[in-house]
1. At what distance in nm do the modelled label points of Gln295 and Asp172 sit from each other, each positioned 7 Å from its Cα along Cα→Cβ?
2. Which Cα, out of Phe330, Gln134, Gly196, lies furthest along the positive dipole direction of the chain (beta carbon charges, K/R +1, D/E -1)?
3. How large is the charge dipole for the range 346-390, taken about the Cα centre, if only the Cβ atoms of Lys, Arg (+1) and Asp, Glu (-1) carry charge, to the nearest 20 debye?
4. To the nearest 20 Debye, how big is the dipole of the chain about its Cα centre, given +1 on the beta carbon of each Lys and Arg and -1 on that of each Asp and Glu?
5. Please find the FRET efficiency linking Asp273 to Phe330, where r is the Cβ-Cβ separation and R0 is fixed at 41 Å, and quote it to the nearest 0.05.
6. So what are the ³J(HN,Hα) numbers for the range 344-353, from phi and the Karplus equation (6.51, -1.76, 1.60; θ = phi - 60°), rounded to whole Hz, Gly and Pro as x?
7. Which value, in debye to the nearest 20, gives the size of the charge dipole of the range 255-405 about its Cα centre, when Lys and Arg are +1 and Asp and Glu are -1 at the Cβ?
8. Calculate how steeply helix 283-292 sits against the longest principal axis of the alpha-carbon atoms of the chain, using the helix alpha-carbon long axis, and give the answer as 0 to 90 degrees to the nearest 10.
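Every read-out reported here was derived from the displayed coordinates using simple, explicitly stated rules and does not represent laboratory data. For clarity, every value in this text was computed on a predicted model and none was experimentally measured. Neighbour counts run over all protein chains shown; Cβ positions are idealised from the backbone, glycine included.
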Amino acid sequence: MKSIRLTLGFLLFVSGCGQADYTVNYSETQNEPIPHEKTVTVAIRSSGNEDVVEQLLQEYVKNEKKPYHLQVKKIPDDKYEETVNLMMTTGEGPDLMGLTANMLMTYIYKDWLVDLKPMLADQLLEAYPEWAVQYSSKISHDNKLYTLPSSVTTSRMIYNKQLFVKAGLSPDKPPSTWGQLEDYAKQISETGVGDGQYGFAIAAGDDWHGFRQAMEIPAVLSGIELFNPTTNAYDLQDYVPLLQMFKRMKEDGTLFPGFSALKRDTALTQFSDGDIGMMMISSDDLAYLVRKTRQTFSWGVAMPPVEQSALSSEGKLTVQPETSYAVNAFSAHNQEAADLWKFIYSHDFQRKLYMAAGTLPVRKGIVNQGFSTILHAYEFLPGDKDQLDLSEPKFVNDPYRWNAYVSVLEGSADMKEQLRKEADRLNAMYKSK
């Protein structure tokens, strides 16, 4: 399969700074609906920016005097795929919806989405990079356009500077290697005994925010990848040192307890409460962390640590295309949904969403108009150590793999053998495609 990787240092280049000219007035997000016979529904993930998205959409419908009532369904992040899939199979699907990569592939194959190309002006498509315009057609292998990625997510490590100082660590020197990460986490946990403070957390209760966010994406910085394009096969053995480290951290009490059931929202709340020293998060998590929680301490952002031998490597962090909005092919309101779609991908919407929620836009020319009001948002902008990975295949959200990782940390079975079996399963899936 073809591997496409793009360095994003210039994709989201920031040429100047400024203040955001858009903020959300939460008291106005529930507008008094104007009586209309027609209701258009939009499904979005509750990932931290949903209030901003809702207000922008409601303002558009109101200001443009659209002849319908807009209903925005904000669905919990960890239940989103399951919920929308059920809505679609029961004939109750939303008119417009955000799709994850897994959903997009399935929905294209089931002919559940509208080809938007005949409805779009060339000027809109020209405002997006070529990889984004080709994103859905690479899955469908036709010349149709079902969606565009509306944003990308990057990954970073956040750390509690107050807990660093308490443990005798420099608040300005986060760990740069796996060994330092383990040592720092142990020191933080030892000084936090009795206060319920732990050195590191893995939110394995949420598939993506667990091992994908805490292990697989950061490991790419050390040259370790889930799928090896050279051998054209999956190989999980390179994750053994990281999993062994996590297992030691679990056993010596430096890993936040109950990791296998720990949800992303809970982990971010515990970090905000000052109970977690370090954790890996995405740029999407940042919006939730800043808008939904309150920190009373200073915290920092750093690139994830790497394997000692990879300190001078050219490895780059995976940048993930995020929510792609699409129109339901069975909707009775295709034209209205397509009109909303165009607004979502407009310069106005994307600029305000970035300014108010820190969502990293794919559309060209957004971030050079000023920095987001979200704390630390600038540090999540793609740079020299980030790259867009459009390599195929993509079983990135495969739940059985997460279960395999949990089992090697909680069980006593041979780690290498269990990972070999899991790689065999993934390769069998790949070959059957």
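1. Distance between the two pseudo-spin positions: 1.8 nm.
2. Highest projection toward the positive end goes to Gln134.
3. Values: 5 positive and 5 negative charges, 47 e Å.
For the range 346-390, the charge dipole is close to 220 debye.
4. On the way: 43 positive and 56 negative charges, 62 e Å.
Roughly 300 debye, rounded to the nearest 20.
5. Numbers: r = 44 Å, r/R0 = 1.08.
E(calc), rounded to 0.05, equals 0.40.
6. Running phi through 6.51 cos²θ - 1.76 cosθ + 1.60 with θ = phi - 60° gives 4, 8, 7, 4, 4, 5, 5, 5, 5, 5 Hz.
7. Numbers: 14 positive and 17 negative charges, 69 e Å.
Computed charge dipole of the range 255-405: roughly 320 debye.
8. 80
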